[in-house]
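J.: Here you go, one structure.
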Amino acid sequence: MDDKKCIIMTSNSKSGPGDAGRTGSWRVERPVIDLKKCTPAKRQKASCYLCWLYCPDGVISKELEPQINLEYCKGCGICAQECPTSAIEMVEETRLIEEERKINEKN
Amino acid sequence: MKRIESGNVAAALGVKLAKTQVVAAYPITPQTPLTEKLSELIEAGELEAEYITVESEHSALAVCIGAASAGARAFTATSANGLLYMSEQVHWAAGARLPLVMCVVNRGVGAPWTVWNDHQDSISQRDAGWIQIYVNDHQEIIDTVIKAFRLAETVSIPVMVCYDGYYLSHTHMPFDVPDENKVDTFLPAYSYKHTLNPESPENLNTVTMPFARPDRDGVNKPGYMDIRHNLQQELRTSIPVFEEIDTAYKAIFGRGGSPILSAYKCEGADFIVAAMGSLSNRIKDIVDELNLEGLKIGVLSVHLYRPFPQAQIIAALQDAKGVIVIEKALSYGNQGALFGDIKAALYPCIKRPFAHSYIIGLGGREIKKADLYDAIKESCTTSETFEDTSRWIGLNR
């Protein structure tokens, strides 16, 4: 084929955390895991992980104590909806920010 | 090998020779026997391709977009309201830079419902970012379909090959079918820059920010406007590329030489009639008569309509006294589409020819030789009394 100087610019990217920017700033509600209710954390066995499976952004880790990467979590709440033991609560970011501010003021 | 067949068969044979791998089409009105012929060829094993029947034209082009993204050479065809129904995907294919080829068998659009010829369907899609080529006869249909694949794949921009419904699609004419081995040499196997590959997954055309920003690996990625600017630049690049491809085709098959515009008796002409598609062939007869009467007049057939060949238009028209644009489509509320484009192209010229506009043959309204003759002659003789709007030929009959 002719070797023309076309750049052929398209919007393509490798998939992975951050390919749509730091989407954590979109979040209105933050998922907070209660480890006393969370199945793998409670049993100390690799199990359940429905939150990891359903997370559309792939930001939940598959550990005994699952971690949520808040840099990218958009706060959609699907994990909280799917959790069979209701271990995940969606908490208003404003409330958490307010609490964090109070802690900082005390220090 | 010479054959006498319809324009639709000429197109289908071109698609076959191009070794198209995926054909997706909606088979019902407004569709043409072009896709029926393709399904016959595939069914008979003459073309090794996947024929995907879909429930709409929107899906037909969506399937082609998927196929091309996965690395297959893909083709579809449509007409009129079918083209409008796939419009969203038409724009998408261009933005995604997919080298598809689509035949648009030109027909009028509803309402009111019509199945007959004019150019409103493809003209309405002129701003989508596709390359649009209008052809005048069956030989040009088959040759252009083959060239269109090479053009699309060279610049990675989709190409519409537009030919007149009924005047070309359903009439029989002799044409030469190029030799298969020679076509294989002319048109090598397809490859696409961002072919989907499970080994190396990519996101294609997801939400793209207004601004450029770094990707996952910190590499700066263009924003929407940069991508659109690149499409515009490379559409302009595709004009000389198409000329080169046509030259290469001519070297092998002996046909071609005027892929952008073809001029008939325009050398030293005082007046030039500009038109697109089979209408330009009809006007040749009128021009022959007027030349016999002593008028120096020629016909300029515009093949490449998008990207619009401004430099070639200027070179072809600037020395004439007058340009008469006769066309089968318009930008409603304004004027003839080709007329507007030609006038804009001529604007930088110091000495400009006058420009007259005629609208003709909408929705299959009969195009009478006498009407063409009268209109062209009137333009040549009473140029100064003309208004800057389009005159309609053949109303109320």
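The values are calculated or read from the model by the stated rules, or taken from the named source; none is laboratory data. Small disclaimer: the values here were computed from a predicted structure and weren't measured. Counting neighbours? That spans all protein chains shown, and the Cβs are built from the backbone with ideal geometry, glycine included. Remember, those area values only see protein heavy atoms, side chains included, never the ligands or the DNA or RNA. Shrake-Rupley method; radii C 1.70, N 1.55, O 1.52, S 1.80 Å.
J.: Which entries of B:K19/B:K147; B:K19/B:K284; A:K5/B:K343; A:K42/A:K74 show an alpha-carbon separation above 24 angstrom in the structure shown?
T.: From the list (B:K19/B:K147; B:K19/B:K284; A:K5/B:K343; A:K42/A:K74), the Cα-Cα distance tops 24 Å for B:K19/B:K284; A:K5/B:K343; A:K42/A:K74.
J.: OK, next. Tell me which of A:W26, A:Q44, A:I88 sits at the most positive position along the dipole axis of region A:14-107, charges placed on C-beta atoms (Lys, Arg +1; Asp, Glu -1).
T.: It is A:Q44.
J.: So if R0 is 51 Å, what FRET efficiency would B:I4 and A:I8 give, r being the distance between their Cβ atoms, rounded to the nearest 0.05?
T.: Given R0 = 51 Å and the Cβ-Cβ separation, E is 0.80.
J.: Convert each backbone phi in region A:49-57 into a coupling constant with the Karplus relation 6.51 cos²θ - 1.76 cosθ + 1.60 (shift: θ = phi - 60°), then list the ³J(HN,Hα) values in order as whole Hz, x for Gly and Pro.
T.: 6, 5, 4, 4, 5, 8, 4, x, 9
J.: Still on this structure, I have one more. Count charges around B:G165 for me, please; just the other residues with Cβ under 10 Å from its Cβ, Lys/Arg as +1, Asp/Glu as -1.
T.: In short, -2.
J.: Keeping all protein chains in the complex and leaving out DNA, RNA and ligands, what accessible area do you get for A:D57 with a 1.4 Å probe, in Å² to the nearest 10?
T.: So the heavy atoms of A:D57 present about 60 Å² to solvent.
J.: Ok, one more. Could you tell me the distance between the Cα centroids of region B:118-170 and region B:248-301, to the nearest Å?
T.: What the calculation gives is 19 Å, centre to centre.
J.: To the nearest 20 debye, what charge dipole does chain B have about its Cα centre, counting +1 at the Cβ of each Lys and Arg and -1 at the Cβ of each Asp and Glu?
T.: 620 debye
J.: Now a separate question. Starting from the Cα gyration tensor of chain B, multiply each eigenvalue by 5, take the square root, and state the resulting semi-axes largest first in whole Å.
T.: 35, 25, 20
J.: Picking from B:S278, B:I260, B:T237, whose Cα lies most toward the positive end of the charge dipole for region B:216-283 (charges on Cβ: Lys, Arg +1; Asp, Glu -1)?
T.: Of the options given, the answer is B:S278.
J.: Can you compute the charge dipole magnitude of the protein assembly as shown about its Cα centre, using +1 on each Lys and Arg Cβ and -1 on each Asp and Glu Cβ, nothing else charged? Give it in debye, rounded to the nearest 20.
T.: Taking the Cα centre of the protein assembly as shown as origin, the dipole is about 820 debye.
J.: Total Å² of accessible surface buried at the B-A contact, 1.4 Å probe, nearest 100?
T.: Separately minus together, B and A give about 2500 Å² buried.
J.: Something else about it: With r defined as the distance between the Cβ atoms of B:H172 and B:T381 and R0 fixed at 60 Å, what FRET efficiency is calculated, to the nearest 0.05?
T.: About 0.95, to the nearest 0.05.
J.: OK, next. Per residue of B:213-219, count partner chain C-beta atoms within 10 Å of its C-beta, then hand back the mean as an integer.
T.: Neighbouring Cβ atoms belonging to other protein chains average 4 per residue here.
J.: Run the simple label-point estimate for B:D388 and B:N197 please: 7 Å along Cα→C-beta, distance reported in nm.
T.: Placing both labels 7 Å beyond Cα along the Cβ direction yields 5.5 nm.
J.: How many percent of the accessible area of region B:144-259 is carbon or sulfur, using a 1.4 Å probe?
T.: Here it works out to 55 percent.
J.: Oh, and also: Can you give the accessible area of B:H58 in Å² (nearest 10), computed on protein heavy atoms with a 1.4 Å probe?
T.: Spelled out: B:H58, probe radius 1.4 Å, area about 50 Å².
J.: Could you give the nm distance between label points at B:D179 and B:K369, where each point is 7 Å from its Cα heading toward the beta carbon?
T.: 3.9 nm
J.: Express in nm, to one decimal, how much length is gained between B:D285 and B:Y51 on full extension, taking 0.36 nm for each residue of separation and deducting their alpha carbon distance.
T.: Gain in length upon complete extension: 80.1 nm.
J.: Using alpha carbons only, how many degrees (0 to 90, rounded to 10) separate the axis of helix B:7-17 from the longest principal axis of chain B?
T.: The angle comes out at about 40 degrees.
J.: For Cα pairs less than 8 Å apart in space and 6+ apart in sequence, what is the mean separation divided by the residue count of chain B, i.e. the relative contact order in percent? Intermediate values should be presented prior to the final figure.
T.: Details: 807 pairs, mean separation 60.4, N = 397.
Result for chain B is 15 percent.
J.: Oh, and also: Only four residue types carry charge here, +1 at the Cβ of Lys and Arg and -1 at the Cβ of Asp and Glu. Report the dipole size of region A:23-106 about the Cα centre in Debye, rounded to the nearest 20.
T.: 340 debye
J.: Over the Cα atoms of region B:261-392, what is the Rg over Rh ratio if Rh follows Kirkwood? Each step should come with its number before you reach the end.
T.: Details: Rg = 13.4 Å, Rh = 14.5 Å.
Expressed as Rg/Rh, it is 0.92.
J.: With just the Cα atoms of region A:23-106, tell me how far they stretch along each of the three principal axes, in Å, largest first.
T.: 39, 27, 18
J.: Separate question: Where the accessible area of chain A is counted over protein heavy atoms with a 1.4 Å probe, how much of it, in %, is carbon and sulfur?
T.: In chain A, the share of accessible area belonging to carbon and sulfur is 50 percent.
J.: With every protein chain in place, what's the accessible area of A:W26 (1.4 Å probe, Å², nearest 10)?
T.: The accessible area comes out at roughly 140 Å².
J.: Moving on to the next point. Quick one: order B:S383, B:S56 from most to least accessible surface, probe 1.4 Å.
T.: From most exposed to least exposed: B:S383, B:S56.
J.: When a/c reaches 1.5 or more, the comparison of a/b and b/c decides; with that in mind, is the protein assembly as shown rounded, prolate or oblate per its Cα gyration tensor?
T.: prolate
J.: Rounded to the nearest 10 degrees, what's the angle between the helix A:93-106 long axis and the longest principal axis of chain A, both from Cα atoms, 0 to 90?
T.: Helix A:93-106 sits roughly 60 degrees off the main axis of chain A.
J.: Still on this structure: Rounded, prolate or oblate: which fits region B:131-283, taking a ≥ b ≥ c as square roots of the Cα gyration tensor eigenvalues, rounded meaning a/c under 1.5, else prolate when a/b beats b/c?
T.: The shape class here is prolate.
J.: If B:V105, B:V219 are ordered by their accessible area, calculated over protein heavy atoms with a 1.4 Å probe, which sequence runs from highest to lowest?
T.: The ranking, largest first, comes out as B:V219, B:V105.
J.: Moving on to the next point. Using helices alone, what [θ] at 222 nm do you get for the protein assembly as shown, with -39,500 (n - 2.57) per DSSP H run of 4 or more residues, divided over all residues and rounded to the nearest 500?
T.: One gets -11000 deg cm²/dmol as the mean residue ellipticity at 222 nm.
J.: Which order do you get for B:R213, A:R22, B:R73, B:R228 if you rank them by accessible area with a 1.4 Å probe, largest at the top?
T.: From most accessible down to least: A:R22, B:R228, B:R213, B:R73.
J.: Any chance you could give the angle, 0 to 90 degrees and rounded to 10, that helix B:138-155 forms with the longest Cα principal axis of chain B?
T.: Here the helix axis deviates by roughly 50 degrees.
J.: Next question. When DSSP beta bridges are limited to those with both residues in chain B, what percentage is antiparallel, rounded to the nearest 5?
T.: Just about 25 percent of them are antiparallel.
J.: Check cross-link reach from A:K106 to the lysines: straight Cα distance under 23 Å, and skip same-chain residues fewer than eight apart.
T.: none
J.: Taking each residue of B:199-208 in turn, how many C-beta atoms of other protein chains fall within 10 Å of its C-beta, and what is the average?
T.: Across the residues of B:199-208, the mean count of other-chain Cβ atoms within 10 Å is 4.
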